[in-house]
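Here the structure is laid out as structure tokens; the discussion comes afterwards.
The values are calculated or read from the model by the stated rules, or taken from the named source; none is laboratory data. Keep in mind the model is a prediction, meaning the values are calculated, not measured. Glycine also receives a Cβ, built like all others from the backbone with ideal geometry; neighbour counts cover every protein chain displayed. With ligands, DNA and RNA removed, areas are computed over all heavy atoms of the protein, side chains included. Shrake-Rupley method; radii C 1.70, N 1.55, O 1.52, S 1.80 Å.
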Amino acid sequence: GEDVKPFTPEKAKEIVMSLQQPAVFCNMVGDWPALHWNAKYLSTVLDGKTIQFRLGLKTVDLVPQFETRCSYTKATLEEFLAWSFGQPCLSGPFSCYEYSKYWAYADYKYIARMFEDKPEVFQDIRWSDFGFPGRSGKESTLWIGSEGANTPCHLDSYGCNLVLQIQGRKKWHLFPPGDTSFLYPTRIPYEESSVFSKVNISNPDLKRFPKFRNTTAHVVTLNPGQVLLVPRHWWHYVESIDPISVSINSWIELDADHEARVEEAITRMLVCAIKSAENPSDEDCWLNPTEVEATSHEINLQYLNKAVSAYLKCQKASVSEQASSSSTDAEQRTSASCKRKKREASCEREGCRLLTNEFGSSPFKAENLQEIPFGPHLIPVLPQSQETGSMGAAAVESDGRDLLRENEGGHIGELHRARKQLVMSNDCETPAHQMDSDSSPNASQTALSTNDLLDCLVNPRVISLVAQLLLERSKV
């Protein structure tokens with residue numbers, strides 16, 4: 001019979017655009033062809049095409065394995081599968097990496113680029129079921145990893161995130177926007193749209209980062225067939241816990257992205273100006289590998305002006321729309337004026353986001369949201385109880401009943417008011433040559449570094465205030 005979904009596209013979109021805590025959708029994608037996209041199937045479809053893998057050590061350290069601390073190799077999925085199944089690799093791209101010691105991750109792979117010669121596969125992904133007609137694999141990203149593959153803790157500056165798990169499981173540790181100061185945010189090395197935490201979530205150094213004790217972790221294990229909603233500005237650390245994991249995500253634009261782009265442009269100007277002035281011989285890897293080069297001051301200023309113009313244009317359109325709606329019937333209201341222009345795949349470098357795009361208004365507002373229909377088809381990711389410890393996890397079963405029963409009648413977490421994309425490099429709080437063998441700062445070290453200053457200058461709270469002041473100036 002016909003596959004009846006628990007939520008209509010309109011209701012699903014209402015939830016996605018309004019819910020301010022993470023939640024798992026169940027039983028929404030049972031008829032998606034993308035559910036067959038396991039690694040073996042993708043290997044056949046890609047037919048020997050090589051993709052880049054990021055490799056990290058499975059050993060647990062006190063600092064995150066940021067992207068600049070990882071190794072890289074290009075390989076086919078067939079070679080990746082042979083390696084992940086423990087087959088000896090005496091030659092080839094994985095021959096230098098023993099499976100028992102390393103994990104491998106093909107992360108942030110734009111489907112539009114990977115399958116540019118097979119555009120028919122885009123339709124295997126149907127975000128229209130969540131109220132986003134026309135959004136398919138072309139606007140989605142693919143992730144393929146081995147056990148232990150992870151993305152260090154970060155928040156995405158833009159939009160919210162929908163994540164479909166296809167093969168294997170991933171454990172998500174999520175923290176609300178209100179925990180930002182407890183997670184020691186940093187922008188060095190710099191990557192647009194990503195704010196990273198200096199804390200290794202899987203093994204936090206509480207002596208160095210004592211405020212991390214104040215965080216409220218929301219932990220969930222995402223199973224195949226489930227879709228996780230990551231609301232705007234929620235921090236997340238993600239780790240693959242099965243031998244092979246495959247997932248697909250799509251970032252959804254929000255009204256707040258206009259102001260976020262102004263903040264990102266300000267951050268870019270400050271970081272590029274100050275870090276470019278440093279002595280190149282310092283060998284400080286301040287750019288994330290996906291940020292190919294430091295843009296000039298002139299280009300950064302253009303980004304800033306475009307971001308401010310887009311923000312003011314949308315604000316003006318919003319005011320005009322409100323004035324029009326006050327004198328006409330609701331059925332005659334115009335739709336949001338600032339529609340986002342779809343990015344062409346040819347204009348989007350893998351792993352990069354550009355500030356030149358215009359983003360549109362979302363039609364749903366929080367005050368229009370009726371009671372959230374939590375139940376077996378929509379399961380809130382609840383705050384982790386202190387009794388289970390900071391790294392415990394509550395798994396969501398395929399139908400969600402166990403988690404729902406466990407939390408029935410319990411606290412569903414305070415709603416917080418307040419995209420990626422990759423990871424940052426070594427913790428820059430202490431230069432490597434000033435560290436003792438136990439990786440602790442030398443007792444005699446007192447000098448502040450450029451990165452210390454930047455951590456303060458581009459702190460999210462500071463940048464938000466600067467953006468507000470700059471926008472007020474632009475309105476005059």
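Of the strands (runs of 3 or more DSSP E) that lie entirely inside the range 188-302, not one contains 3 or more residues that are crowded, with 24+ Cβ neighbours inside 10 Å and of a type in the set (D, E, K, R).
Test of understanding: among TYR102, TYR158, which residue is hydroxyl-bearing (Ser, Thr, Tyr), crowded, with 24+ Cβ neighbours inside 10 Å and either under 30 Å from TYR190 (Cα atoms) or touching an Asp or Glu at 6+ places or on another chain (Cβ under 8 Å) (or both)? Quick ask: steps written out before the conclusion?
On the way: TYR102 fails: crowded, with 24+ Cβ neighbours inside 10 Å.
Answer to the check: TYR158.
Condition check for ASP107 on (1) more than 29 Å from TRP83 (Cα to Cα); (2) crowded, with 21+ Cβ neighbours inside 10 Å; (3) not β-branched (Val, Ile, Thr): one failure, at (1).
Would you confirm, using the coordinates I've provided, whether SER95 is assigned to a helix (DSSP H, G or I), of a type outside the set (Asp, Glu) and open to solvent by less than 70 Å² (accessible area, probe 1.4 Å)? No, not satisfied.
Among the candidates VAL238, VAL319, which residue alone is β-branched (Val, Ile, Thr) and either modelled with pLDDT under 95 or touching a Leu at 6+ places or on another chain (Cβ under 7 Å) (or both)?
On the way: VAL238 fails: either modelled with pLDDT under 95 or touching a Leu at 6+ places or on another chain (Cβ under 7 Å) (or both).
Only one candidate passes the filter, namely VAL319.
In the set (1) surrounded by fewer than 18 Cβ atoms within 10 Å (Cβ to Cβ); (2) part of a loop (DSSP other than H, G, I, E, B); (3) of a type in the set (A, V, I, L, M), VAL45 fails one condition alone, (2).
ILE166 meets all of the listed conditions (1) modelled with pLDDT under 95; (2) open to solvent by 10 Å² or more (accessible area, probe 1.4 Å) but one, namely (1).
Entry remark, the range 241-250: residues being closer than 29 Å to TYR99 by Cα and under 15 Å from the mean Cα position of the chain (by Cα) number 3 in total.
Do we find a residue being in a loop (DSSP other than H, G, I, E, B), surrounded by fewer than 17 Cβ atoms within 10 Å (Cβ to Cβ) and β-branched (Val, Ile, Thr) anywhere in the range 51-73? Yes, the range 51-73 has at least one match. Could we say that LYS13 is open to solvent by 10 Å² or more (accessible area, probe 1.4 Å), assigned by the TED database to the domain that holds ARG208, assigned to a loop (DSSP other than H, G, I, E, B) and among the basic types (Lys, Arg) here? No; evaluated as a whole, the condition is false for this residue.
Within the range 230-280, can you find the residues that are among the β-branched types (Val, Ile, Thr) and in contact with an Asp or Glu (Cβ under 9 Å, 6 or more places away or on another chain)? Before you say what the answer is, go through the steps one by one.
Going residue by residue through the range 230-280, those that are among the β-branched types (Val, Ile, Thr) are 230, 238, 241, 244, 246, 248, 252, 262, 266-267, 271, 274.
Those that are among the β-branched types (Val, Ile, Thr) and in contact with an Asp or Glu (Cβ under 9 Å, 6 or more places away or on another chain): VAL230, ILE241, ILE244, THR267.
Conditions tested, residue by residue: (1) within 19 Å of ASN203 (Cα to Cα); (2) charged (D, E, K, R); (3) under 26 Å from the mean Cα position of the chain (by Cα).
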position	(1), (2), (3)
GLY48	no, no, no
ILE51	no, no, yes
ASP61	yes, yes, yes
ARG69	yes, yes, yes
TRP83	no, no, no
SER91	no, no, no
GLU98	no, yes, no
ARG113	no, yes, yes
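Filter the range 119-137 down to the residues that are farther than 20 Å from PHE7 by Cα and either modelled with pLDDT under 95 or surrounded by 21 or more Cβ atoms within 10 Å (Cβ to Cβ) (or both) and list them by number.
Step one: of the range 119-137, the residues farther than 20 Å from PHE7 by Cα are 119-123, 137.
Listed by number, the list holds a single entry, GLY137.
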